[in-house]
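A.B. asks: The structure follows.
The values are calculated or read from the model by the stated rules, or taken from the named source; none is laboratory data. Just so you know, these numbers come straight off a predicted model, no measurement behind them. All Cβ positions, even for glycine, are placed from backbone atoms using ideal geometry, and neighbour counts span all protein chains on display.
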Amino acid sequence: MIHFKTSVCVLCFWILSFPLPGTILENLNLPASRALAAADSQDTGVPLPATIAVLPFTIHASEPEDFSYIQKGVVNMLHTRLNWPDKVHLVPRKQIENVLGHLNKTDKNKILKQVADQTGTDLILDGSITKLAGSFSIDALVYDIKNKRYMAFFEQSKDSDELIEKVDRIAGGINKQVFDRTTTAWEKIEQERQAKINEMKRKNPEHLMQNPQWQQQDDSPGWKIWKYLF
């Protein structure tokens, strides 16, 4: 049963690697805590056309299991979901691998700078997937090198069967929040968010009276200032 389930996941990720309408198992050991600051940035625009480089996602898991198909599938999905003809260009995966192959993978900021310098991109998507007790947490960061800022995205999957949907939601969030592009995935996210807002209004009218702007508190965190840069 486990072998069959893994085969299904591999097949799903392989199918989704092909363009639709509308990697490396090595851990890069990229420390996020010292590179990020919590101050908000008011400037939210990303001029189009834009170019973005997707780095291989790091996998964190206690089990000695082969997750290479997940890593490759996530990168392939993000490439197909973020590609926007004439507006958003993805740096080829082979080019990213060649750049990373010549770098010391211990300093996150140097990696981001070298990738940006050698690929000519100002936007870099980096992330990780953590497996714990059968569930998965997906963390993604979009770095705007030129403006020294970043935007964070997060999804949780209760099992491997949900990974495809959760990666799709992260891509939908990036498309909307970074490139102001509305996709089917984003429309679904917005519908779910609005349903929660309506439910909160129904259950907690007194809270709404005290804080009429409460519904904006759960919106996307937006850009954050990236102070620790090179």
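A.B. asks: Residue under question is THR130, and the condition is that it be among the hydroxyl-bearing types (Ser, Thr, Tyr), surrounded by fewer than 16 Cβ atoms within 10 Å (Cβ to Cβ) and closer than 28 Å to ILE225 by Cα; does it hold?
C.D. replies: Numbers: among the hydroxyl-bearing types (Ser, Thr, Tyr): yes; surrounded by fewer than 16 Cβ atoms within 10 Å (Cβ to Cβ): yes; closer than 28 Å to ILE225 by Cα: yes.
Yes.
A.B. asks: Could you run through the range 60-73 and say how many residues are surrounded by 16 or more Cβ atoms within 10 Å (Cβ to Cβ) and either in contact with a Ser or Thr (Cβ under 7 Å, 6 or more places away or on another chain) or farther than 18 Å from ALA133 by Cα (or both)?
C.D. replies: Step one: of the range 60-73, the residues surrounded by 16 or more Cβ atoms within 10 Å (Cβ to Cβ) are 67, 69-73.
Cutting the leftovers down to either in contact with a Ser or Thr (Cβ under 7 Å, 6 or more places away or on another chain) or farther than 18 Å from ALA133 by Cα (or both) gives us 69, 71-73.
Total satisfying the criteria: 4.
A.B. asks: If you check every pair at least six apart or on different chains, which have Cβ atoms under 6 Å apart with a residue in the range 44-67 that is under 14 Å from ILE138 (Cβ atoms) first and a residue that is surrounded by fewer than 14 Cβ atoms within 10 Å (Cβ to Cβ) second?
C.D. replies: From residues that are under 14 Å from ILE138 (Cβ atoms), the pairs are THR58/ASN27.
A.B. asks: In the range 74-109, which residue that is over 18 Å from THR51 (Cα atoms) and β-branched (Val, Ile, Thr) is surrounded by the fewest Cβ atoms within 10 Å (Cβ to Cβ)?
C.D. replies: Taking the candidates together, the pick is THR106.
A.B. asks: If we keep just the residues of the range 178-221 that are modelled with pLDDT under 85 and in contact with an Asp or Glu (Cβ under 9 Å, 6 or more places away or on another chain), which is surrounded by the most Cβ atoms within 10 Å (Cβ to Cβ)?
C.D. replies: ILE197
A.B. asks: Mind checking which residues of the range 142-162 are touching a helix residue (DSSP H, G or I) at 6+ places or on another chain (Cβ under 9 Å) and surrounded by 22 or more Cβ atoms within 10 Å (Cβ to Cβ)?
C.D. replies: VAL142, TYR143, TYR150, MET151
A.B. asks: Between a residue in the range 108-120 that is modelled with pLDDT of 90 or more and any residue that is among the small types (Gly, Ala, Ser), which pairs come within a Cβ distance under 6 Å, given they are 6 or more apart or on different chains?
C.D. replies: Cβ pairs passing all conditions: VAL115/ALA53; THR119/ALA53.
A.B. asks: Taking the condition charged (D, E, K, R) and assigned to a strand (DSSP E or B), does ASP117 pass?
C.D. replies: On the way: charged (D, E, K, R): yes; assigned to a strand (DSSP E or B): no.
No.
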